[in-house]
1. Could you go through the stretch 7-16 and let me know if any residue there is under 28 Å from Ser115 (Cα atoms), part of a loop (DSSP other than H, G, I, E, B) and of a type in the set (Phe, Trp, Tyr).
2. Considering the stretch 27-44 alone, what residues qualify as being surrounded by fewer than 17 Cβ atoms within 10 Å (Cβ to Cβ) and farther than 17 Å from Glu126 by Cβ?
3. Out of all the residues in the stretch 18-47, which are in a loop (DSSP other than H, G, I, E, B), touching a residue at least 40 places away in the same chain (Cβ under 8 Å) and of a type in the set (A, V, I, L, M, F, W, C)?
4. Kindly indicate the residue of the stretch 14-47 that is on the phi > 0 side of the Ramachandran plot and modelled with pLDDT of 95 or more and also nearest to the chain's Cα centre (by Cα) among those meeting that condition.
5. Step by step: first the residues of the stretch 48-71, then only those that are surrounded by 14 or more Cβ atoms within 10 Å (Cβ to Cβ) and part of a loop (DSSP other than H, G, I, E, B), then the one that is nearest to the chain's Cα centre (by Cα). Which residue is that?
6. Here is a check on your reading of the model: is Arg104 of a type in the set (Lys, Arg), on the phi < 0 side of the Ramachandran plot and in contact (Cβ under 8 Å) with a residue 40 or more places away in the chain?
7. Filter the stretch 77-121 for residues that are hydrophobic (A, V, I, L, M, F, W, C), crowded, with 17+ Cβ neighbours inside 10 Å and either touching a strand residue (DSSP E or B) at 6+ places or on another chain (Cβ under 7 Å) or within 26 Å of Pro11 (Cα to Cα) (or both) and give the result.
8. Kindly list, by first and then second residue, each pair from a residue in the stretch 73-94 that is within 15 Å of Gln112 (Cβ to Cβ) and free of Cβ contacts under 8 Å to residues at least 40 places away in the same chain to a residue that is of a type in the set (S, T, N, Q) and assigned to a strand (DSSP E or B), limited to pairs with Cβ atoms under 6 Å and residues at least 6 apart or on different chains.
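The values are calculated or read from the model by the stated rules, or taken from the named source; none is laboratory data. For clarity, every value in this text was computed on a predicted model and none was experimentally measured. All Cβ positions, even for glycine, are placed from backbone atoms using ideal geometry, and neighbour counts span all protein chains on display.
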Amino acid sequence: MESRLTHVPAPEGVFPATAYTHVVAGTGRFVAVSGQIALDEKGELVGEGDPAAQARQVFGNLRRCLASVGAGFEHVVKLTYFLTDTAYLPAVREARDLHLDPDRLPASSAVQVASLVDPRLLMEIEAFAIVPDSAR
């Protein structure tokens, strides 16, 4: 069974979204990816003090997590951004746009937090995806 996703960027009576989709519905297998941070495969921080470098590492980690279950960013229906400063959103969106189709953006939420598990971390991003049942 192939997953089918429906994107509704502007539900009736809701102000249109510009950098995300208000609603994404789908059929298939649900996948939740835990919040990813800017650590490399050795557990070392990438991009200390650099939101763009951390965002690129985080999206790379998300890509690897999705691939481990036969999924890709085309299957992502929701991203949640936890940022220590919402001023990092442009860097996050730039990294996101390297991986996602700007015409089919997932639903998303951005939350500014006081801190993350390591004070050098600037962001953590989690993903929900719906993938075809035939994928690993």
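1. Scanning the stretch 7-16, I find no residue that is under 28 Å from Ser115 (Cα atoms), part of a loop (DSSP other than H, G, I, E, B) and of a type in the set (Phe, Trp, Tyr), so the answer is no.
2. Thr27, Asp40, Glu41, Lys42, Gly43, Glu44
3. Ala19, Ile37, Ala38
4. Gly47
5. Filtering first and then ranking leaves Ala71.
6. The answer is yes for Arg104.
7. Val77, Leu79, Phe82, Leu83, Leu89, Val92, Leu100, Leu105, Ala107, Ala110, Leu116, listed by residue number.
8. Thr86/Gln112
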